[in-house]
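The values are calculated or read from the model by the stated rules, or taken from the named source; none is laboratory data. Given the structure is predicted, the values throughout are model-derived calculations rather than measurements. Glycine also receives a Cβ, built like all others from the backbone with ideal geometry; neighbour counts cover every protein chain displayed. These area figures cover heavy atoms from the full protein model, side chains too; ligands, DNA and RNA do not enter into them. Shrake-Rupley method; radii C 1.70, N 1.55, O 1.52, S 1.80 Å.
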Amino acid sequence: MSPNVETKHSFCRVCHAACPIEVDVETTDGVERVTAIRGVQDDPLFEGYTCIKGRQLPDQMHHPDRLRTAFKRVEGGHLEEVASSDALDEIAEKLAAIIDEHGPQAVASYTGTGGYQNCVALEAARAFHKGIGSRSVYTSVTIDQPAKSMVPALIGWWEGGWDNFRDADISMAIGYNPMVSSYAAAGGLQGTNPFVTMRRAKERGMKLIVVDPRKTELASFADIHLQVKPGEDPALLSAMIKVILDEELHDIEFCEDWVDGIELLSKTVAPYTPEYAAERCEVDADDIVAAARMFAGGTCGTAGAGTGPNMAPNSLLTEYLTIALNALCGRVNREGDQVESGTLLYPDTPKRAQAIPPMEIRTGPEHRFRNLRGYRGEMLCTVLAEEILEPGKGQVRALIVNGGNPAVAFPDQELTMRALRDLDLLVVVDHRMTATAVEADYVIAPTLSLERADVPHLMDRWLTQPYTHYTEASIAPEGDVLNEWQVFYGLTRRLGVKMPMAGGDVAELDNPTDQDVIDYAYANARISMDDYRAAPRTIHPERSYVVEAADPECTAKFDVGNESMMTKLAEARSQQTSAELIEGYVAGEYPFRLVSRRLKTVLNSLGSELPGLAAKGGTTNPAFMNPDDLDELGLVDGDLIEISSTVGVINGVCESAPDVKRGVISMAHSWGDASMEDDKVRDIGVPTSRLTSTTACYDEYTGMAVLSAIPVKVRRSQLVDA
Ligand SMILES: Nc1nc2c(c(=O)[nH]1)N[C@H]1C(S)=C(S)[C@@H](COP(=O)(O)OP(=O)(O)OC[C@H]3O[C@@H](n4cnc5c(=O)[nH]c(N)nc54)[C@H](O)[C@@H]3O)O[C@H]1N2
Ligand SMILES: Nc1nc2c(c(=O)[nH]1)N[C@H]1C(S)=C(S)[C@@H](COP(=O)(O)OP(=O)(O)OC[C@H]3O[C@@H](n4cnc5c(=O)[nH]c(N)nc54)[C@H](O)[C@@H]3O)O[C@H]1N2
Ligand code: SF4
Ligand SMILES: [Mo]
């Protein structure tokens, strides 16, 4: 290695998984450049794991098209470079005028996946909103798996946490794929070195059930793979619950102490016989029975649902039944068990072997539309367009997009674009000129991961041990770029308002550093940030939670017979398919279901601009289809196809994929641009969001739209191929 190359330690922040990395930094004439990324072989948790996206960080950091200065829209309508401090002056002035005229609610922010990768970006946005007195906080959570935040209110929770994956002898994964996404539902395999972890689990005898219309990388490890028809998971789960209750395979002792509503649940699932579910889900009835017996026959291990079923119709019901299955089988940590999850960066909470009761759920601030409400401190992305477009008190007029790309990620692309263009002020913080950024009044260029101090705040809850990994910036940023917190700090200072975080008012600090802001944001963590910083890449077994005895006075119980869920489930029994829930659906007209998926070489809309990723993953989001379906339609690999839903049409490139169930199109989201024309589909892909609607079918509590299991029809494209 040349003498001007130094190796630093950090962690990757392309996705949430936070894989530890070695970063080679070359210094030439005082300018630092990242030249290589490697996994850290001796890391005690990740054992050297990285993925192809992380290894492209040098290209991401130094991409020739990376934005290194702010832009503003000028007369004539184009974007022109501007100093970021001037941009912030002007934005603050405009925000003040908007607040004056419309009130603080008119100022909204949306923190997307890019913002989430910085441990203080969302904290800074929240603090800014507190400062100006606006509740209009939006994040990608409400178009990701909002049912996960809502379901504890309906069914209750367990203070000591669900069974640990490391001890599991059974695991059931319903529509997630950690081998590609590094994501898993609680208690499932998560993104810390997923292949090796799964191999070891199988070696110790763990059984795996996968419910997925595609034979995914995870399903290749499965003992039973139920290749379910998309959107029909509630029928499948109900049949499994029926078998378990009928055969008394549930944890009867646990249920007597901790679970209410079994009788009602049992009555409601009664018509969901394995034969009925088999027909509806297009799987074998014997496999459903076998899966039920296998799941209940295990002694430890959970069922969890991922983005697939959480984006299908009846998402909240699916999530509810999944948790009900765990509750019925008593898949919780008992007194004396060590909790697997690390959770050092969040406040200390009791961990007793007792239930947390369901709660009143309709308590959040009201949206002006469809009787929906915000929850857990944020408002719903699926209602944002209406909040922008509809005049009246509370109308949103300014939006700060904090590392997100709503133009291609939000449901109903046409509506989203109309809303973004209707705003008085759109500010986008992104290092790329995305489909959203090109619409902005101001674009602010952010620092990227290796240029900022950080902690793995998302993985902290999922890591299998309490593990500290603070990183300093590996290189100094070049250009006029700002950390996301600096954007919000700059605005609060200019507006003369507070920026309150757990540790105090950041706006009171002069020239704070990343480190100061992290200290303020994580002041309530159960470890002090000084202790956290002092121990790089270290496991702290002594800080593991050990579950304590239940409070003898505790009377809380899970409720597996929630009235609204049982009503939904009973109604679902009279439908032929969950697609009937979607307004405009006509039986027989939409024979296919389009499902979402993740691709190894991109993170949502990010990735195909990097040559190393495009070479491997291509420049389009293929419409993966079963070869028999292609044959039947007279199509071959690479043909352009037209996919129509009840609300929109896209043109995609079909690709033969034997791992995809017949009647299913498996396609990644957040590709393409906002042009509504697909003539460049082979070069930039196409946004599947054009096939979705925020109003045609939505959950009454979470507002979640249908982003997977979308009923569609397919024919050869009418586009003339270039
Ligand atoms: N049909 C359909 N729709 C979906 C989904 C689906 O499966 N199907 N999935 C949904 C889900 S789960 C999600 S999370 C959303 C995703 O929605 P978004 O998060 O809005 O979409 P991304 O493309 O991830 O946008 C992230 C942006 O952050 C930028 N970025 C990356 N790093 C940084 C950084 O360090 N700082 C800043 N400021 N920006 C950065 C990237 O360039 C990118 O433009 O889409 C949702 N929409
Ligand atoms: N490489 C990579 N990693 C990522 C991302 C990425 O874009 N690329 N995105 C990140 C984000 S934002 C998120 S939220 C996570 C998501 O992480 P995951 O939830 O693991 O996402 P997917 O890999 O899309 O897995 C969803 C699975 O659900 C299946 N599915 C679709 N519809 C249905 C259905 O109706 N029922 C059932 N049972 N299954 C269904 C699909 O076939 C797919 O295999 O991944 C994150 N990690
Ligand atoms: S899994 Fe995520 S964090 Fe790990 S290397 Fe890949 S992109 Fe980076
Ligand atoms: Mo997501």
**Request:** Inspect all residues belonging to segment 18-25 and state whether any of them is of a type in the set (Gly, Ala, Ser), within 14 Å of ligand 1 (Cβ to nearest atom), assigned to a loop (DSSP other than H, G, I, E, B) and not assigned by TED's automatic domain parsing to the domain that holds Leu495.
**Result:** yes
**Message:** If Thr113 meets every condition in (1) surrounded by 24 or more Cβ atoms within 10 Å (Cβ to Cβ); (2) within 16 Å of ligand 3 (Cβ to nearest atom); (3) polar (S, T, N, Q) apart from one, which number is that one?
**Reply:** (1)
**Request:** Within segment 178-201, track down each residue that is closer than 15 Å to Asn310 by Cβ and either assigned by TED's automatic domain parsing to the domain that holds Gln117 or surrounded by fewer than 24 Cβ atoms within 10 Å (Cβ to Cβ) (or both).
**Result:** Tyr183, Ala184, Ala186
**Close pairs from segment 366-386: first among the aromatic types (Phe, Trp, Tyr), partner in a loop (DSSP other than H, G, I, E, B), Cβ under 7 Å, at least 6 apart** = Tyr375/Gly364
**Message:** Go through segment 246-261 and report how many residues are buried (at least 21 other Cβ atoms within 10 Å of the Cβ) and either touching a Gly at 6+ places or on another chain (Cβ under 6 Å) or assigned to a helix (DSSP H, G or I) (or both).
**Reply:** 2
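For every residue, the table says whether it meets (1) more than 16 Å from ligand 1 (Cβ to nearest atom); (2) more than 27 Å from the chain's Cα centre (by Cα); (3) within 30 Å of Ser596 (Cβ to Cβ); (4) assigned by TED's automatic domain parsing to the domain that holds Gly191.
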{"residue": "Gly76", "(1), (2), (3), (4)": "yes, yes, no, no"}
{"residue": "Ile99", "(1), (2), (3), (4)": "yes, yes, no, no"}
{"residue": "Ser109", "(1), (2), (3), (4)": "no, no, yes, no"}
{"residue": "Gly112", "(1), (2), (3), (4)": "no, no, yes, no"}
{"residue": "Asn118", "(1), (2), (3), (4)": "no, no, yes, no"}
{"residue": "Ala125", "(1), (2), (3), (4)": "no, no, yes, no"}
{"residue": "Trp157", "(1), (2), (3), (4)": "yes, no, yes, yes"}
{"residue": "Asn164", "(1), (2), (3), (4)": "yes, no, yes, yes"}
**Prompt:** With Thr363, Thr343 as the choices, which residue is among the hydroxyl-bearing types (Ser, Thr, Tyr), part of a loop (DSSP other than H, G, I, E, B), in contact with an Asp or Glu (Cβ under 8 Å, 6 or more places away or on another chain) and at pLDDT below 95?
**Reply:** Thr343
**Asked** Pick from Leu581, Leu635: which is more than 23 Å from Lys215 (Cα to Cα) and touching a Cys at 6+ places or on another chain (Cβ under 8 Å)?
**Response** Leu581
**Item:** Residue check for Val25: more than 16 Å from ligand 3 (Cβ to nearest atom), under 23 Å from Thr471 (Cα atoms) and either loosely packed, with under 15 Cβ neighbours inside 10 Å or touching a residue at least 12 places away in the same chain (Cβ under 8 Å) (or both)
**Value:** yes
**Request:** Return the residue satisfying two criteria in turn: it lies in segment 1-22 and is among the hydrophobic types (A, V, I, L, M, F, W, C) and surrounded by fewer than 21 Cβ atoms within 10 Å (Cβ to Cβ), and of such residues it is nearest to Leu122 (Cα to Cα).
**Result:** Val5
**Request:** Please go through segment 367-397 and pick out each residue that is under 13 Å from Phe410 (Cβ atoms) and among the acidic types (Asp, Glu).
**Result:** Glu386, Glu387
**Message:** Quick check on segment 133-149: of everything there that is crowded, with 21+ Cβ neighbours inside 10 Å and aliphatic (A, V, I, L, M), which residue is nearest to ligand 4 (Cβ to nearest atom)?
**Reply:** Ile143
**Item:** Where Gln575 falls short, out of the listed (1) open to solvent by 70 Å² or more (accessible area, probe 1.4 Å); (2) without any contact (Cβ under 8 Å) to a residue 40 or more places away in the chain; (3) not basic (Lys, Arg)
**Value:** (1)
**Request:** Please verify whether segment 97-108 includes one or more residues that are over 30 Å from Trp258 (Cβ atoms), touching a strand residue (DSSP E or B) at 6+ places or on another chain (Cβ under 6 Å) and open to solvent by less than 10 Å² (accessible area, probe 1.4 Å).
**Result:** yes
**Message:** Could you check segment 659-679 and list, in sequence order, the residues that are modelled with pLDDT of 95 or more, in contact with a Ser or Thr (Cβ under 9 Å, 6 or more places away or on another chain) and part of a loop (DSSP other than H, G, I, E, B)?
**Reply:** Asp659, Met667, Ala668, His669, Ser670, Trp671, Gly672, Asp673, Asp678
**Request:** Go through Leu603, Leu610, Leu633 for me and flag whichever is open to solvent by 30 Å² or more (accessible area, probe 1.4 Å) and within 16 Å of ligand 1 (Cβ to nearest atom).
**Result:** Leu603
**Prompt:** Under the condition of being out of contact with any helix residue (DSSP H, G or I) (no Cβ under 7 Å at 6 or more places or on another chain) and open to solvent by less than 50 Å² (accessible area, probe 1.4 Å), which residue from segment 497-522 is farthest from Arg352 (Cα to Cα)?
**Reply:** Asp514
**Item:** Given (1) assigned by TED's automatic domain parsing to the domain that holds Val74; (2) over 26 Å from Asp678 (Cα atoms); (3) surrounded by fewer than 19 Cβ atoms within 10 Å (Cβ to Cβ), index of the condition Asn402 fails
**Value:** (3)
**Request:** Return yes or no: is Thr492 surrounded by 16 or more Cβ atoms within 10 Å (Cβ to Cβ), part of a loop (DSSP other than H, G, I, E, B), of a type in the set (Ser, Thr, Tyr) and touching a Gly at 6+ places or on another chain (Cβ under 9 Å)?
**Result:** no
**Request:** Those residues that are open to solvent by 10 Å² or more (accessible area, probe 1.4 Å) and part of a loop (DSSP other than H, G, I, E, B), I need them from segment 457-474; list them, please.
**Result:** His457, Leu458, Trp462, Thr464, Gln465, Tyr470, Glu472, Ala473
